[in-house]
Amino acid sequence: MGTLQVFKLTLILGCFGSIAEGLGVNWGTIASHPLPPKTVVQLLKDNGIKKVKLFDADSNSMSALAGSNVEVMVAIPNNMLSMMTDYDTAKKWVNRNVTRYNFDGGVNVKYVAVGNEPFLSSYNGSFLNVTLPALENIQKALNEAGVGSSVKATVPLNADVYNGDLPSAGRFVTDIADLMTQIVTFLNQSGSPFVVNIYPFLSLYDDANFPFDYAFFDGGSNTVNDNGIVYTNVFDANFDTLVSALKAVNLGSMEIIVGEVGWPTDGNINAKAAYAQRFYNGLMKKLASNTGTPLRPNQYIEMYLFGLIDEDSKSVQPGNFERHWGILKYDGQPKFNMDLTGQGRDVTLVPAKGVQYQSKTWCILDPKAQNQTAMGNNINYACTFADCTSLGYGSTCNGLDSSGNASYAFNAYFQDQSQVDGSCDFQGLATETAQDPSTAGCNFTIQILLDSFGYRVLVPVKAVLFHVFVSVFFEMLW
């Protein structure tokens with residue numbers, strides 16, 4: 001058995017046994033205080049995770065992955081797709097981000113993700129004309145570089161590129177059906193998989209009448225009967241809708257990888273740690289048993305959990321939950337018990353090691369503050385530049401009183417600014433304290449230290465007069 005086959009079929013979780021077959025994670029880095037890449041790679045290794053999907057080709061992340069044997073899906077962001085329609089540019093990208101690391105002890109790149117969900121309706125068709133040419137050029141460049149047989153280009157797509165009232169009726173959506181047919185035909189010819197992102201949580205989020213238990217794997221009370229095939233969960237139904245769409249274009253046996261699947265833990269009434277734990281418990285059992293889906297039974301499904309770590313600087317345009325998809329907190333600590341072997345044991349993930357934190361100092365509303373009329377503007381200011389999504393309806397800190405809301409917002413900004421002098425003032429409304437203001441359900445964060453992986457130079461802001469904010473970020477090259 002070859003080395004890559006060993007990585008694909010056997011994933012070791014320390015002394016606890018093999019983790020679910022085909023399991024990987026998404027590693028996003030849109031955070032105010034990201035963990036050092038080497039810490040994250042060690043975290044992957046400590047938990048026996050042998051596959052990781054990136055959202056760019058950051059040299060720090062790639063360098064940290066060198067020598068780890070972790071299988072990598074490196075990515076080209078959507079804003080670079082138009083550049084990749086020029087073949088010389090595509091060749092340079094492949095040389096800089098793939099073949100550069102192709103040496104003994106280098107990075108085990110398995111896939112290149114050309115864009116990420118480029119056909120979302122929110123992009124207004126911006127990438128419709130450039131995705132396929134970019135995909136073709138990247139695969140051609142991989143082939144000419146001599147790595148095309150082991151490194152495949154693909155396009156991670158959202159599940160909204162296909163639809164159907166029942167799984168058996170699955171088809172690519174009419175507006176892009178021709179383009180999707182061209183893409184999957186090219187992927188098939190290249191030996192590349194179809195990568196799809198499936199989110200049962202979003203089914204609940206988008207439809208207030210969606211049957212709650214159908215989003216999980218242990219419900220059973222809500223089922224869908226498709227000509228005698230009974231679906232007990234929306235994941236299987238969604239996956240098989242894609243299988244039917246591929247079958248309709250004569251590619252019914254094409255390999256499918258689930259590029260993103262997960263459940264957020266905050267920022268929405270259905271985004272709770274308990275629900276995430278329930279979802280992952282069912283998902284891991286399903287993955288470990290290799291039950292497949294009704295249209296693809298008795299086979300493992302390769303998938304990447306979304307995501308590894310919370311990202312407090314992500315856009316919240318889709319919803320406040322966007323910053324809370326991690327199976328680990330911002331500092332690499334577990335949120336809930338999770339057994340990657342799929343055996344349902346009461347175990348936790350191995351946390352990140354050696355994490356260093358800012359001093360145990362919080363910023364809260366000064367009980368002696370007089371300038372109450374400025375409260376609203378100061379809270380809005382703090383939450384404009386820091387993460388206050390936990391204060392929203394149904395979120396973990398939604399039960400705080402008005403003083404607690406102010407304190408949470410002030411502290412979020414204070415920590416985001418790395419506790420720099422002057423960042424806990426808010427026109428005299430705030431004060432620093434060494435007493436943790438956290439409650440049983442609401443955590444007031446102490447941020448991690450920024451080190452040589454991501455220095456920031458910050459200008460203290462003592463007031464919100466004119467709402468002027470100055471922040472300068474520097475990133476040190478390795």
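Each value in this text was obtained by applying a stated rule to the coordinates, not by laboratory testing. It should be emphasised that the depicted structure is a prediction, and the values quoted were computed from it without experimental measurement. Cβ sites come from the backbone with ideal geometry, for glycine too, and all protein chains shown count toward neighbours.
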Sorted peptide list for 327-338, 31-42, criterion being average Cβ within 10 angstrom, highest first: 31-42, 327-338
Sorted by packing (mean other beta-carbon atoms within 10 Å per residue), highest first, where do 91-98, 363-370 land? 91-98, 363-370
Can you pull the one-decimal nm distance between simple spin-label points at SER121 and THR373, each 7 Å off the Cα toward Cβ? 4.5
The ³J(HN,Hα) series, computed from each phi in segment 166-179 with the Karplus coefficients 6.51, -1.76 and 1.60 at θ = phi - 60°, rounded to the nearest Hz and given as x for glycine or proline, is 10, x, 5, 9, x, 8, 5, 4, 4, 4, 10, 4, 5, 5
From the phi of every residue in segment 400-414, what ³J(HN,Hα) in whole Hz does the Karplus formula 6.51 cos²θ - 1.76 cosθ + 1.60 yield, where θ is phi - 60° and glycine or proline is x? 5, 7, 4, 5, x, 4, 5, 4, 4, 5, 4, 5, 4, 5, 4
When the convex hull of the C-alpha atoms of segment 329-426 is computed, what volume per residue in Å³ does it have? 138
Unit Cα scatterers, Debye sum, the chain: log10 I(q)/I(0) for q = 0.06, 0.07, 0.09 Å⁻¹: -0.29, -0.39, -0.65
Note down the Stokes-Einstein diffusion coefficient of segment 32-105 in µm²/s, whole number, using a Kirkwood radius over alpha carbon pairs, 20 °C, and 1.002 mPa s. 159
What is the spin-label model distance, in nm, from SER315 to ALA440 if the labels are put 7 Å beyond Cα along the C-beta direction? 3.9
Built amide H within the under 5 Å cut-off of ASP226, gap 5+: TYR231
Of the beta bridges DSSP finds with both residues in the chain, what % are antiparallel, to the nearest 5? 40
Could you work out the relative contact order of segment 339-434, using alpha carbon pairs under 8 angstrom and six or more residues apart, expressed as a whole percent? 40
Students often forget the sequence filter, so: which aspartates and glutamates lie under 13 Å Cα-Cα from LYS45 once same-chain residues fewer than 8 apart are removed? GLU71
Under 28 Å from the Cα of LYS360, which lysines turn up, not counting those fewer than eight places away in the same chain? LYS38, LYS272, LYS314, LYS329, LYS335, LYS368, LYS462
So what is the relative contact order for the chain, in percent, with contacts set as C-alpha pairs under 8 Å and at least six apart? 14
By average C-beta atoms within 10 angstrom, highest first, the peptides 151-162, 384-395: 151-162, 384-395
Quick one: Karplus J couplings for segment 39-44, per residue in order, coefficients 6.51, -1.76, 1.60, θ = phi - 60°, nearest Hz, x for Gly and Pro? 5, 5, 5, 5, 4, 4
In whole angstrom, note down how far apart the Cα centers of segment 56-78 and segment 122-140 are. 21
What is the Cα centroid distance between segment 182-201 and segment 268-346, reported in whole angstrom? 21
Long-range amide H partners of ALA153, meaning residues 5 or more apart or on another chain whose placed amide H is closer than 5 Å, are VAL112
Straight-line reach check, LYS92, cutoff 18 Å on alpha carbons, 8 or more apart in-chain or any other chain, hits among aspartates and glutamates -> ASP56, ASP58, GLU136, GLU144
